[in-house]
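Enquirer: Handing you this structure, nothing more for now.
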Amino acid sequence: MKTQKLQLLVLASFAILALMTLLPTPATAYQSTSSATILDGEYLEFDSAELGSGSTSWTLTYSVSTQSGDPYIDVFVMRESEFSSYSSGSSFYYVIDCSVQNTRTVSSKYCAPSSSEKYVLVFDNSNQGTAEPYGYSAHISYTVSTSGGSTVNTDGFAALGMACILGVVIIIVVIVVVIILLVRRKSAPPAYQQPPPQPYQQQPVYQAPYQPPPPPPDPYQQPYQQPYQQPQYQPPPPPSYGGPPQGQYNNPPPPYR
């Protein structure tokens with residue numbers, strides 16, 4: 001199962017890379033500033049794939065200049081369907097507002113055809129236009145930029161080769177990551193496994209043994225209370241005067257009258 005997932009991951013990565021090399025990219029990505037030599041009777045072409053034309057929002061800006069002493073040149077912007085007539089030497093139609101003929105310098109030409117047609121830019125050093133090369137080559141310096149369309153990578157072999165290289169790199173990285181994960185898993189301690197849950201068992205509730213309540217007190221059975229007895233009066237002993245003992249008088253006192 002893990003091997004199948006790995007294979008699917010690798011195949012998906014390779015497919016994504018291949019599509020990325022073929023899908024359109026924003027037209028603002030195309031901008032070229034360079035120089036070239038156009039021989040007598042030849043031309044320099046920028047096709048629709050490079051320029052990214054084919055959208056109503058597509059615009060083109062270019063500038064070109066020739067060296068001193070070089071022949072005049074013509075600059076044409078035409079539809080892609082007209083380019084076959086131009087390249088075969090037949091009559092053709094071009095966009096007047098975007099083209100300049102019999103010139104040595106174009107400082108900055110802005111072109112917005114506002115059409116969904118595909119367009120081609122041509123720097124011409126032949127007798128197809130009004131300029132004549134007179135057997136001389138034209139050495140030009142140019143800048144071409146577009147916006148608002150889409151460009152496509154036309155170098156299929158280079159794109160495919162780059163996709164293959166990136167695919168191989170991704171495969172190697174994935175294999176290394178899988179090996180590292182397997183090594184770590186083997187060296188790691190076994191993971192704690194939680195025991196399965198046990199069925200709930202209610203704990204018995206402690207109950208004290210039954211004790212009947214004490215009987216209520218009988219109102220007719222009062223506890224016995226001993227009646228109160230007043231203590232008997234005890235006369236204090238007679239005072240002692242220091243005379244002879246009581247009952248031993250020689251002459252008793254006369255009776256009271």
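Enquirer: Select from the stretch 67-115 the residues that are in a helix (DSSP H, G or I) and hydroxyl-bearing (Ser, Thr, Tyr) and write down the one among them that is farthest from residue 37 (Cα to Cα).
Expert: Once the filter is applied, the top-ranked residue is 81.
Enquirer: Restricting to the stretch 48-66, what's the tally of residues that are under 45 Å from the mean Cα position of the chain (by Cα) and either surrounded by fewer than 21 Cβ atoms within 10 Å (Cβ to Cβ) or in a strand (DSSP E or B) (or both)?
Expert: 12
Enquirer: Looking at the structure I just gave you, is residue 151 touching a Ser or Thr at 6+ places or on another chain (Cβ under 7 Å), at pLDDT below 70 and surrounded by 10 or more Cβ atoms within 10 Å (Cβ to Cβ)?
Expert: Criteria met by residue 151.
The values are calculated or read from the model by the stated rules, or taken from the named source; none is laboratory data. Everything quoted here is computed from the prediction, not taken from an experiment. Reconstructed Cβ throughout: ideal geometry from the backbone, glycine too, with neighbour counts over all protein chains shown.
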